[in-house]
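The values are calculated or read from the model by the stated rules, or taken from the named source; none is laboratory data. Quantities reported herein were computed from a predicted structural model and do not represent experimental measurements. Here the Cβ positions follow ideal geometry from the backbone for every residue, glycine too, while neighbour counts run over all protein chains shown.
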Amino acid sequence: MTGARFADKTANMNKRPLTIQLAAPRGFCAGVDRAIQIVERALERQGAPVYVRHEIVHNRFVVENLEAKGAVFVEELDEVPDGVPVVFSAHGVPKSVPADAQERGLYYLDATCPLVSKVHLEAERYSRAGRHVILIGHEGHPEVIGTMGQLPDGAMSLVETVEQVATLVPPAGARLAYASQTTLSVDDTAEIVEALRARFPDIAGPKKEDICYATTNRQAAVKAIAATCEAILVIGAPNSSNSKRLVEVALASGCSEAKLIQRASDLDWDWLSRIERLGITAGASAPEVLVDEVVDACREHFQVTLEEVRVADEGLHFKLPRDLVS
């Protein structure tokens, strides 16, 4: 054994052991993958710049990679110059946005996740049936803004908590229906639905709950490791709803500590020095390369044993817009 190899082995033996449980599924979902592909294909076909209204997904690493390829991110359509392509984010947009784009003659691509589009169609169907729609979601989130923008003002009410259900005042005599944001806590949303049904027994709801498969699976995977880990790290953006929900689910499921971080550079080594079993997951808009980055950083400080706990297999893929595949 060479001196260098002996030194490496000795250094590794001197490191404190750390068991990392990787929750699976984690990271990119089919809707996020499709949205990123739409921007990349648009850049290949149209050339730079391609404008994107709002962050295509809530992850700075992804956004910065696309910016390096020629994507320009803006908040509103009036920031998009005439004559350039524009992509609408995976979170969905109000109906007024594509209408404005058409009026200006802009070439646009809609990267709205098909599961968000499903909620939009549900809301429209309820409204056509004469029902007032109650949307379960977080005020100000782009997905909620997009969903509420599918119907005329006043046709939809927003509730965020069970407590708000008790004080909700729908239009007098209105028949009701509910829908929900796709990235909410499964358990919290179930409680709100139960409260809505208790107060409004005739309320209509979707045949299949609106929370998407990826959100459900990632929360289930966190629940599977929460009780056996001293702490859980969720890799994701601070403005990512599904990532923040994973932190909440970890704490509610028996893990004493859970933190949201964006990159390995956010790791608190003093905090980690007292952890022996660490759980790691990633929100649906966080790429696997960021998980690898965190694990590699841990290996530099600890003797890592890696375990994966898988609760579901995901093979779903969404088709790209026809303009990008023809």
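Go through the residues of segment 114-132 one by one and say whether even a single one is at positive phi and at pLDDT 95 or above. Yes, that holds for at least one residue.
Restricting the search to helices (runs of 4 or more DSSP H) fully inside segment 1-108 and requiring at least 3 residues that are at pLDDT 95 or above and at negative phi gives 30-46, 60-69, 96-104. Being under 13 Å from Q262 (Cα atoms) and part of a strand (DSSP E or B) is the filter here; which residues of segment 273-326 pass it? Residues satisfying the conditions are I280, T281, A282. Remark: pairs (first residue in segment 121-148, surrounded by fewer than 17 Cβ atoms within 10 Å (Cβ to Cβ); second residue in a helix (DSSP H, G or I); Cβ separation under 7 Å; 6+ apart in sequence or on different chains) = H138/V144; H138/S241. For segment 133-159, a residue qualifies if it is farther than 20 Å from V74 by Cα and in a loop (DSSP other than H, G, I, E, B), and the qualifying residues are G137, H138, E139, Q150, L151, P152, D153, G154, A155. The number of residues in segment 24-45 being over 16 Å from the mean Cα position of the chain (by Cα) and touching a residue at least 60 places away in the same chain (Cβ under 8 Å) comes to 6.
On the stretch given as segment 214-258, residues that are modelled with pLDDT of 95 or more, out of contact with any Ser or Thr (no Cβ under 7 Å at 6 or more places or on another chain), closer than 30 Å to A123 by Cα and surrounded by fewer than 24 Cβ atoms within 10 Å (Cβ to Cβ) total 6. Taken together, the residues in segment 222-244 that are assigned to a loop (DSSP other than H, G, I, E, B) and of a type in the set (G, A, S) amount to 4.
Candidates are the residues of segment 286-312 that are free of Cβ contacts under 8 Å to residues at least 60 places away in the same chain and of a type in the set (D, E); the one that is farthest from S241 (Cα to Cα) is E300.
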